[in-house]
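Note sheet for the following structure.
The values are calculated or read from the model by the stated rules, or taken from the named source; none is laboratory data. Note that the coordinates shown come from a computational prediction; the quantities given were computed from them, not determined experimentally. Note: ideal-geometry Cβ built from the backbone for every residue, glycine included; neighbour counts use all protein chains shown. Note: accessible area is taken over every heavy atom of the protein model, side chains too, but ligands, DNA and RNA are not part of it. Shrake-Rupley method; radii C 1.70, N 1.55, O 1.52, S 1.80 Å.
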Amino acid sequence: MPELAETYACVPSTERGRGILISGDPKSNKVLYTNGRSVIILDLNNPLNVSVYGEHAYPATVARFSPNGEWVASADVSGTVRIWGAYNDHVLKKEFKVLSGRIDDLQWSPDGMRIVACGDGKGKSLVRAFMWDSGTNVGEFDGHSRRVLSCAFKPTRPFRIVTCGEDFLVNFYEGPPFKFKQSHRDHANFVNCVRYSPDGSKFISVSSDKKGIIFDGKTAEKIGELSSEDPHKGSIYAASWSHDGKQVLTVSADKTAKVWDISEDGSGKLKKTLTCSGSGGVDDMLVGCLWQNDHLVTVSLGGTISIFSASNLEKSPLQLSGHMKNITSLAVLKSDPKCILSSSYDGLIVKWVQGLGYSGKLQRKENSQIKCFAAAEEEIVTSGFDNKVLVIFISLVAPDGSEAIVGGQDGKLHVFCIVGDTLKEEAVLEKHRGAITVIRYSPDFSMFASGDANREAIVWDRVSREVKLKNMLYHTARINCLAWSPNNSMVATGSLDTCVIIYEVDKPASSRMTIKGAHLGGVYALAFTDEHSVVSSGEDACVRVWKLTPQ
């Protein structure tokens, strides 16, 4: 049966002008972030160790580990919070409808009994705190008039909750049951993030007015600010404390991250400015950060994750990247089968190396959307939506240029002989019952396979044009992609039904191998790297390598 060998994770979903709030579990050194409907658990010690939770019905926005690291609470744009197991099968424990709109931040209480969530909603309900097992409310949260962007739970008793948002306010609540205590209007723009220090003695709020303000953790009095010497020159989107509570990491739209020393009296002095190498464009704006053990993690608008070492800030960071959008095509370099190229809907081409993962992005002069591409020895050919190559039918030209096969919306395959500049129709093959979606020649050019929108695939003999393998009807939705193994013995099909099915040409279709749920939202590209490995990608923007063991 096919086994998952490696996952190359997608990057966090980002949005211009907004921060993203990533979080982690210091015990296991894992971080959580979201992309589309997926919640990604990434191991900082081994970035190839990736786990994906895909049970949200709507795009996920934020996720947090419980204090004991056993559970994860994740929220989505519909206002739903799901609580599920952090290990193995990610079993769902509870699901609550918390707000009527998008949830932007959530936090566990230090005893792991309560959760506070904030975001957008109708009327006054912009913040809610509830018991994690029953969903019952633990307090009233008045005082905000617009979307609440961030909330924090005081990590020590007596419990406090602090919130901040688009109404420029930082609000402070005492409890439980929680009730409004006081409000601060020290910021002159959206307050993007609020975070308690690990010992609960202070909390910091950062804002689009480029300021960071430090408050007393128990009384919420303002006690200091981040120094105005060499400050951030753009909106500050996120902040994260060091585990000893003496330093803070901030990230900003000015493309820098800064580490601040926080003194006992609450003033912040700049220790180091961190910059990441990049193109210098808007994609390098930093929108998220996390200080976890010795790792300083920053996330750029383009989705690049940079990991700095807290103990050696001079050291250049490890950079991880990948796709943010649906991956539409894959290619494996013949000269180096361990090298995989993937291209996504937004025009980005990424290079991956088996065993290592992310290996770089390819720069293109124009960033138009790509529909399909192929890799030859040293060159890549792409076609996309920039009016350069327009294809109405699915077509395929033989490697030696002697014939072409065109598949129509009517399910017929037209085989043409190419003579000079003219096409001469030689045969029409009628077996499909739906519009043709994909056609591929086998590597030795002796066969070809075709797939249709009515979930069927067929393998044909190229010379006799007879059906070689039939009854390949095991998908439940349209077939999006096809791939041949290098030795011509296997055909893999990927479908909108999220499955990959591998057929052996010499055996009946019923003896297939099936990978269920390969990609959330559907499989859009497939390629073999060798006889025993197939690479798949899809709507979830991840690339996966599967090892095949012949039955």
With the checklist (1) open to solvent by less than 70 Å² (accessible area, probe 1.4 Å); (2) in contact with a Ser or Thr (Cβ under 8 Å, 6 or more places away or on another chain) in hand, flag the one item Ser402 doesn't pass. (2)
Mind checking which residues of the range 289-304 are β-branched (Val, Ile, Thr) and open to solvent by less than 10 Å² (accessible area, probe 1.4 Å)? Val297, Thr298, Val299
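Restricting attention to the range 305-322, and to residues there that are hydroxyl-bearing (Ser, Thr, Tyr) and out of contact with any Asp or Glu (no Cβ under 8 Å at 6 or more places or on another chain), which single residue is most open to solvent (accessible area, probe 1.4 Å)? Reasoning before the result, please.
First, the residues of the range 305-322 that are hydroxyl-bearing (Ser, Thr, Tyr): 306, 309, 311, 316, 321.
Next cut, out of contact with any Asp or Glu (no Cβ under 8 Å at 6 or more places or on another chain) only: 306, 316, 321.
Numbers: Ser306: 3, Ser316: 93, Ser321: 8 Å².
Top of the filtered list is Ser316.
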Scan the range 506-526 and tell me whether some residue there is among the hydrophobic types (A, V, I, L, M, F, W, C), more than 22 Å from Ile436 (Cα to Cα) and without any contact (Cβ under 8 Å) to a residue 40 or more places away in the chain. yes
Just one of the numbered conditions (1) assigned to a strand (DSSP E or B); (2) over 29 Å from Phe130 (Cβ atoms); (3) open to solvent by 60 Å² or more (accessible area, probe 1.4 Å) is not true of Asp230; which one? (1)
Scan the range 84-110 residue by residue and report those that are among the β-branched types (Val, Ile, Thr), surrounded by fewer than 19 Cβ atoms within 10 Å (Cβ to Cβ) and assigned to a strand (DSSP E or B). none
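Residue-wise test of (1) open to solvent by less than 60 Å² (accessible area, probe 1.4 Å); (2) assigned to a strand (DSSP E or B).
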{"residue": "Glu426", "(1), (2)": "no, yes"}
{"residue": "Pro443", "(1), (2)": "no, no"}
{"residue": "Asn454", "(1), (2)": "no, no"}
{"residue": "His475", "(1), (2)": "yes, no"}
{"residue": "Thr514", "(1), (2)": "yes, yes"}
Taking Gly200 as the residue in question, decide whether it is under 18 Å from Leu290 (Cα atoms) and part of a loop (DSSP other than H, G, I, E, B). yes
Residue under evaluation Ser344, criteria (1) surrounded by fewer than 14 Cβ atoms within 10 Å (Cβ to Cβ); (2) modelled with pLDDT under 90; (3) of a type in the set (Ser, Thr, Tyr), criterion not met: (1)
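Here's the yes/no breakdown for (1) farther than 23 Å from Trp71 by Cβ; (2) hydrophobic (A, V, I, L, M, F, W, C); (3) open to solvent by less than 20 Å² (accessible area, probe 1.4 Å):
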| residue | (1), (2), (3) |
| --- | --- |
| Arg114 | no, no, no |
| Ala117 | no, yes, yes |
| Lys122 | yes, no, no |
| Leu126 | yes, yes, yes |
| Asp133 | no, no, no |
| Glu140 | yes, no, no |
| Arg147 | yes, no, no |
| Pro158 | yes, no, no |
| Asp167 | yes, no, yes |
Given the conditions (1) surrounded by fewer than 19 Cβ atoms within 10 Å (Cβ to Cβ); (2) in the same structural domain as Asn137 (by the TED database); (3) polar (S, T, N, Q), which single one is not true for Ser13? (2)
Confirm whether Ser38 is closer than 23 Å to Leu520 by Cα, in contact with a Gly (Cβ under 6 Å, 6 or more places away or on another chain), in contact (Cβ under 8 Å) with a residue 24 or more places away in the chain and open to solvent by less than 30 Å² (accessible area, probe 1.4 Å). yes
The lone condition Asp283 fails out of (1) in contact (Cβ under 8 Å) with a residue 12 or more places away in the chain; (2) charged (D, E, K, R); (3) farther than 22 Å from Gly17 by Cβ is (3)
Considering only residues that are of a type in the set (Ser, Thr, Tyr) and part of a strand (DSSP E or B), look in the range 259-285 and name the one that is farthest from the chain's Cα centre (by Cα). Thr273
Which one of Ser335, Ser402 is touching an Asp or Glu at 6+ places or on another chain (Cβ under 8 Å), over 25 Å from His519 (Cα atoms), at pLDDT 75 or above and among the polar types (S, T, N, Q)? Ser335
Failed condition for Phe180, given (1) open to solvent by 30 Å² or more (accessible area, probe 1.4 Å); (2) more than 15 Å from Thr219 (Cα to Cα): (2)
Contact list please: Cβ distance under 8 Å, first residue in the range 111-131 and in a loop (DSSP other than H, G, I, E, B), second residue open to solvent by 10 Å² or more (accessible area, probe 1.4 Å) and aliphatic (A, V, I, L, M), pairs at least six apart or on different chains. Met113/Met131
For the range 183-193, name all the residues that are among the charged types (D, E, K, R) and either open to solvent by 70 Å² or more (accessible area, probe 1.4 Å) or closer than 15 Å to Ala152 by Cα (or both). Arg185
Kindly provide the set of residues from the range 494-549 that are within 14 Å of Ile327 (Cα to Cα) and among the small types (Gly, Ala, Ser), ordered by number. Gly494, Ser495, Ala518, Gly521, Gly522, Ala525, Ala527, Ser536, Ser537, Gly538, Ala541
